[in-house]
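Every read-out reported here was derived from the displayed coordinates using simple, explicitly stated rules and does not represent laboratory data. Computed from a predicted structure; not experimentally measured. Here the Cβ positions follow ideal geometry from the backbone for every residue, glycine too, while neighbour counts run over all protein chains shown.
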Amino acid sequence: MSSIAQIEFEIQQSSPETAVFCFDELDSTSHYLKQYAETHLKEAFCFTLSQTSGYGQQSRAWQSDFSSITFSTLLHFKVPLHEVDGLTQLIALKLVESLSDFTSESFKIKWPNDLYVNDKKAGGILIECVSFTDTDCWLVVGVGLNNGLKTDVIDALTGQSSIPGSIKLAESDKLPFLINVLNRQLVLAQRFGINEFKQYLVNYSLVDYFKVDEPVIVYDSAIKQPGFYKGLTKNGELLVELDHKLCTFRSGTTSIRPTTRKHD
């Protein structure tokens, strides 16, 4: 990959209206943009070659090294905060679209915010709000992708240890990939409307990690329940059958795992 100065220059050239910050090493790209947003509400992109204190859902640590690809984007959505349902899943879809331009790997999205390849977690997405009004909101979208990390990862809910998946992105493709992702995210934010996710339900089903009626375990607020996966609602909510009743869940404290899973 090019020098960090060259990376910043190329990304800035591709999106001249966006503030671009690139570092050799940084504690957290999302934390950097959250601080930036305190004084500048302007679309921005932050990338680092090495992230030392990354975090994911519920403030869990995100392991990474120089093989990882970590970046965050500060985006402006011209809809109220409560109308961005399904955004995490849409960001994941755009990420898969970008990856598919550079690698032949088959990717799956596991609700609410994980990217899988070959039945192994290869990345995660975290969205945080930094400002909102009655008509719009500013969100920081953080992305962490494993591109070769070999250290065992412990599942925080099941306690199981596994080698993570890898997106297998060539060194020469990393910069074009970052530019591709940023452009897709900027377009999504600009065009995002109320009930946006509804239009992408079929697209999501094609890359859904789970199959409809697959037995799953739902972890919600430290309570573990067996059920059957029923897909997502038009708002991007999780739909599961528990005790013969259809139940919906939003992301946050809820997560799901397959009860039994054979590698495809």
Can you give the angle from 0 to 90° between the axis of helix 87-100 and the longest principal axis of the chain, with both taken from C-alpha atoms, to the nearest 10?
70 degrees
From DSSP H assignment alone, runs of 4+ in the chain each adding -39500 (n - 2.57), the sum over residues rounded to the nearest 500 puts [θ] at 222 nm at -7000 deg cm²/dmol
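With charges set only on the Cβ (+1 for Lys and Arg, -1 for Asp and Glu), what does the dipole of the chain come to about its Cα centre, in debye to the nearest 20?
In debye, rounded to 20, the chain gives about 660.
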Could you compute the net charge surrounding Gln12? Neighbours are other residues with a C-beta less than 15 Å from the C-beta of Gln12; K and R count +1, D and E count -1.
-3
Listing Arg191, Arg184 from the residue with the fewest other Cβ atoms within 10 Å to the one with the most, what is the order?
Arg191, Arg184
Which whole-number percentage describes the relative contact order of the chain, with Cα contacts under 8 Å and a sequence gap of 6 or more?
17 percent
Per-residue Cβ neighbour rank within 10 angstrom, fewest leading, Phe192, Phe210:
Phe192, Phe210
Report, for the chain, the % of DSSP beta bridges that are antiparallel, rounded to 5.
85 percent
Ascending count of other beta-carbon atoms within 10 Å, so fewest first, for Leu126, Leu239:
Leu239, Leu126
Once the convex hull of the alpha carbons of the chain is built, what does its volume come to per residue, in cubic angstrom?
124 Å³
In whole Hz, what ³J(HN,Hα) sequence does the range 176-189 give by Karplus (6.51, -1.76, 1.60; θ = phi - 60°), x for Gly and Pro?
x, 5, 4, 5, 4, 4, 4, 5, 5, 5, 5, 5, 4, 5
